[in-house]
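S.K.: Below you will find the structure I want to go over with you.
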Amino acid sequence: MSTEAALKDLQKEQKKKNLPDLLDRKFIKVPENGEGDITVMQWNILAQGLSGGNDNFILCPPEALSWENRQLHMLEEIYRVGPTILCMEEVDCFSFLEEKLKPLGYEGKWVQKPNSPCMEMEGNMGPDGCALFYLKDKLQMIDTQPVNLKDNGKATNQTALVSKLKVKDNDHMVYVATVHLKAKSGYENLRHQQGKYLLDHLTKIAGSEPIIVCGDFNASPKEPVYQDFSNSELGLKSVYKEASAEKKEPKYTTWKIRAGNNGENTESCKTIDYIWIRGNLKLAAFWNIPDDATIGPDRLPSYKYPSDHFALACKLVFT
């Protein structure tokens, strides 16, 4: 089955449920750089086990958070982007994604979080972790390894999935890392150490090959881990910063409202998700992020957006 056919079938199912589609998102081209050899997608999809409970998205209708509805919009965005490489975090539905994506030509890998908070939730779907899917007719998997991120030599509860892939059309090799750093305020130093560990790991194994790092860093551009990636000897560049005329990260990649401890709602609007590239890779297009008015006053997630994070995506050209 083609991605286009799968999308049409999905939209029919959405219409039966009176669910809105995602027509407000599209690729913005960088015309001088060509059409793109590979498409990369990065997304923290919001583990179903974490969609309620402590995360408590107070303004989101419970029906919009139901797995029955969320899965449709999750698949819709993936089908619309049509990624060659799909990197995801908070994946507690790997077998479901594998079942849906395999008929479209994807192969998947997954590493679970050592101690997933999803397992504490009633009726959970299992532990969450990082996942990578790739199109088998475009890419060949050479190697893939789970990486337990460390803090000064001590293992932490966060992981990455690091893969070496070969592009079949041109025999280019590319290393792809999918990573999810420690969440919440107060853990800036831990994220810093986890990021340094991943950078050191990539430095040791990648040599001069191209690198793509996708992830939910849970860190704004002001944090040390972001600065480490920006100034790394690997020469990494943030795709969305490079795409910006002002050479700045977007205003937000996550925007949510939760119930606060004092009875008042708390709103969080920030950029913490990134796609980093280095080597002979050039940006040909990027997946736009919806504006404030399109998102709506209740923010994320919603009937329209199935996660509390926006998916990021880009088309890349090998030079």
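The values are calculated or read from the model by the stated rules, or taken from the named source; none is laboratory data. Values in this document were obtained by computation on a predicted structure and should not be read as measured data. Positions of Cβ are generated from backbone atoms using ideal geometry, with glycine treated the same way; all protein chains shown enter the neighbour counts. Heavy atoms of the whole protein, side chains included, go into the accessibility calculation; ligands, DNA and RNA do not. Shrake-Rupley method; radii C 1.70, N 1.55, O 1.52, S 1.80 Å.
S.K.: If the requirement is being under 28 Å from residue 129 (Cβ atoms), in contact (Cβ under 8 Å) with a residue 12 or more places away in the chain and either touching a strand residue (DSSP E or B) at 6+ places or on another chain (Cβ under 8 Å) or buried (at least 20 other Cβ atoms within 10 Å of the Cβ) (or both), which of these qualifies: 235, 279?
M.R.: Details: 235 fails: under 28 Å from residue 129 (Cβ atoms).
After ruling out the rest, the residue left standing is 279.
S.K.: How about the stretch 291-319: which of its residues are open to solvent by less than 40 Å² (accessible area, probe 1.4 Å), among the aliphatic types (A, V, I, L, M) and not in a loop (DSSP other than H, G, I, E, B)?
M.R.: 295, 300, 312, 313, 316, 317
S.K.: Return a yes/no flag: does the stretch 142-149 have any residue that is assigned to a loop (DSSP other than H, G, I, E, B) and either in contact (Cβ under 8 Å) with a residue 12 or more places away in the chain or open to solvent by 60 Å² or more (accessible area, probe 1.4 Å) (or both).
M.R.: We begin by selecting, within the stretch 142-149, every residue assigned to a loop (DSSP other than H, G, I, E, B); these are none.
Scanning the stretch 142-149 turns up no residue that is assigned to a loop (DSSP other than H, G, I, E, B) and either in contact (Cβ under 8 Å) with a residue 12 or more places away in the chain or open to solvent by 60 Å² or more (accessible area, probe 1.4 Å) (or both).
S.K.: Scan the stretch 212-222 for residues that are open to solvent by less than 20 Å² (accessible area, probe 1.4 Å) and out of contact with any strand residue (DSSP E or B) (no Cβ under 8 Å at 6 or more places or on another chain) and jot them down. Don't jump to the end; show me each part of the working.
M.R.: In the first step, residues of the stretch 212-222 are kept if they are open to solvent by less than 20 Å² (accessible area, probe 1.4 Å); the result is 212-217, 219.
Answer for the stretch 212-222, where residues must be open to solvent by less than 20 Å² (accessible area, probe 1.4 Å) and out of contact with any strand residue (DSSP E or B) (no Cβ under 8 Å at 6 or more places or on another chain): just 219.
S.K.: Of everything in the stretch 76-113 that's assigned to a helix (DSSP H, G or I) and farther than 24 Å from residue 26 by Cβ, which residue is most open to solvent (accessible area, probe 1.4 Å)?
M.R.: Here is the first cut: in the stretch 76-113, the residues assigned to a helix (DSSP H, G or I) are 76-81, 94-104.
Of the ones still in play, those that are also farther than 24 Å from residue 26 by Cβ are 94-96, 98-99, 102-103.
Numbers: 94: 34, 95: 87, 96: 30, 98: 56, 99: 123, 102: 107, 103: 78 Å².
It comes out as 99.
S.K.: I would also like to ask the following. Out of the residues in the stretch 150-169 that are open to solvent by less than 10 Å² (accessible area, probe 1.4 Å) and over 20 Å from residue 181 (Cα atoms), state the one that is modelled with the highest pLDDT.
M.R.: 165
S.K.: Provide a single number: the residues in the stretch 181-211 that are part of a loop (DSSP other than H, G, I, E, B) and either more than 26 Å from residue 115 (Cβ to Cβ) or open to solvent by 70 Å² or more (accessible area, probe 1.4 Å) (or both). Give the derivation first.
M.R.: Just the residues of the stretch 181-211 that are part of a loop (DSSP other than H, G, I, E, B), to begin with: 181-187, 207-210.
Narrowing further to those that are either more than 26 Å from residue 115 (Cβ to Cβ) or open to solvent by 70 Å² or more (accessible area, probe 1.4 Å) (or both): 184-185, 187, 207-210.
Residues that pass the stated criteria total 7.
S.K.: The conditions are (1) farther than 20 Å from residue 7 by Cβ; (2) of a type in the set (D, E, K, R); (3) in contact with a helix residue (DSSP H, G or I) (Cβ under 7 Å, 6 or more places away or on another chain), and residue 100 fails exactly one of them. Which is it?
M.R.: (1)
S.K.: Sticking with this structure for a sec: So, in the stretch 226-262, of the ones that are polar (S, T, N, Q) and in a loop (DSSP other than H, G, I, E, B), which residue ends up nearest to residue 29 (Cα to Cα)?
M.R.: Only one residue fits best here, namely 244.
S.K.: What number goes with the only condition from (1) of a type in the set (Ser, Thr, Tyr); (2) open to solvent by 50 Å² or more (accessible area, probe 1.4 Å); (3) within 19 Å of residue 24 (Cα to Cα) that residue 266 does not pass?
M.R.: Of everything listed in (1) of a type in the set (Ser, Thr, Tyr); (2) open to solvent by 50 Å² or more (accessible area, probe 1.4 Å); (3) within 19 Å of residue 24 (Cα to Cα), residue 266 misses just condition (3).
S.K.: Residue by residue through the stretch 263-290, note down the ones that are in a loop (DSSP other than H, G, I, E, B), farther than 28 Å from residue 52 by Cβ and out of contact with any Pro (no Cβ under 9 Å at 6 or more places or on another chain).
M.R.: Our first condition is that a residue be in a loop (DSSP other than H, G, I, E, B); within the stretch 263-290, this holds for 263-264, 271-272, 279-280, 288-290.
Checking the rest, the ones that are also farther than 28 Å from residue 52 by Cβ come to 279-280, 288.
Matches in the stretch 263-290: 288 only.
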